[in-house]
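What follows is one structure encoded as structure tokens, with my remarks underneath.
The values are calculated or read from the model by the stated rules, or taken from the named source; none is laboratory data. This structure is a prediction, so every number in the text was calculated from the model and none was measured. Quick reminder, even Gly has a Cβ in these numbers, built from the backbone with ideal geometry, and neighbours come from all protein chains shown. In case anyone asks, the SASA skips ligands and DNA or RNA and just uses the protein heavy atoms, side chains included. Shrake-Rupley method; radii C 1.70, N 1.55, O 1.52, S 1.80 Å.
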Amino acid sequence: MAKLKYKIQTNPEKTARAMGRNVPISRKHAREICRAINGMKLDEAIRFLEDVIEMKRPVLFKRHCKKVGHRKGKLGWHAGRYPIKASREILKILNYARANAEYKGLNTEKLRIKHISTNKGITIKRYMPRAFGRATPKFQETVHIQVILEEFH
């Protein structure tokens, strides 16, 4: 298996990293969530994702916003959704990164998300049998997510 590299180079003494491989969530949802929480403090980002899971705060959809319903409140943008499954998976990866930071001896209250990105993973190809010997594709998309946390002062 190939060794994966992170997109940016960082100082290993002040950063903690985590990666999720072949996570079975929507690429569009993952991209919008990563855009929303990039640069946030870690505690703030975790609170944001928990609110999305409880459907209290929407994730604003900036790129993939055609035929997306509007959400109430002064959010600065009209289109938004509550991607619960993707939020749960990204929350797990953030908790893994926090555990890595604790292991390294970093102050977990002073962590911010320096870099979070999502890339296309493998597509799991399956087929559903139909009548008269035909079949319908039932493909499942996956994503790779990488997080880099940095200690700020």
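Once the chain from Ala99 to Lys67 is taken as fully extended at 0.36 nm per residue, the excess over their C-alpha distance is 7.7 nm. Residues considered: Val143, Val59, Val68. Largest GNM mean-square fluctuation over the chain, using C-alpha springs under 10 Å, is found at Val68.
Note on the chain: the C-alpha convex hull projects to 12.1 nm² when averaged across all orientations. Nonpolar atom fraction for the range 4-115, defined as the carbon and sulfur part of the 1.4 Å probe accessible area, stands at 47 percent. Rounded to the nearest 20 debye, the dipole magnitude of the range 1-139 is 840 debye, with +1 charges on Lys and Arg beta carbons, -1 on Asp and Glu beta carbons, and the Cα centre as origin. Given labels modelled 7 Å from the Cα in the Cβ direction, how far is it in nm from Glu54 to Leu4? Taking the two extended label points, one gets 3.1 nm.
Distance between the modelled labels on Thr123 and Gln140, one decimal in nanometres: 1.6 nm (7 Å Cα→Cβ projection). Each label point was placed 7 Å from the Cα along the Cα-to-Cβ direction; for Phe132 and Asn107 their separation is 7.0 nm.
Applying the criteria of a DSSP loop state and at most 11 other Cβ atoms within 10 Å to the GluC sites (Glu not before Pro) of the range 35-65 yields Glu54.
Among Tyr103, Tyr127, Tyr82, the largest mean-square fluctuation in a Gaussian network model of the chain (Cα springs under 10 Å) belongs to Tyr127. For the chain, the solvent-accessible area works out to 65 Å² per residue, with a probe of 1.4 Å and every protein chain left in place. Taking the centroid of alpha carbons for each part, the range 101-153 and the range 1-55 are 8 Å apart. Over the chain, Cα pairs under 8 Å with separation of 6+ residues give a relative contact order of 36 percent.
Quick check: from the Cα gyration tensor, does the range 72-153 come out rounded (a/c under 1.5), prolate or oblate? Oblate, because a/c is 1.5 or more while a/b does not exceed b/c. Comparing Gly105, Asn11, Thr118 along the charge dipole axis of the range 1-133, the residue lying farthest to the positive side is Thr118, per the Cβ-charge model.
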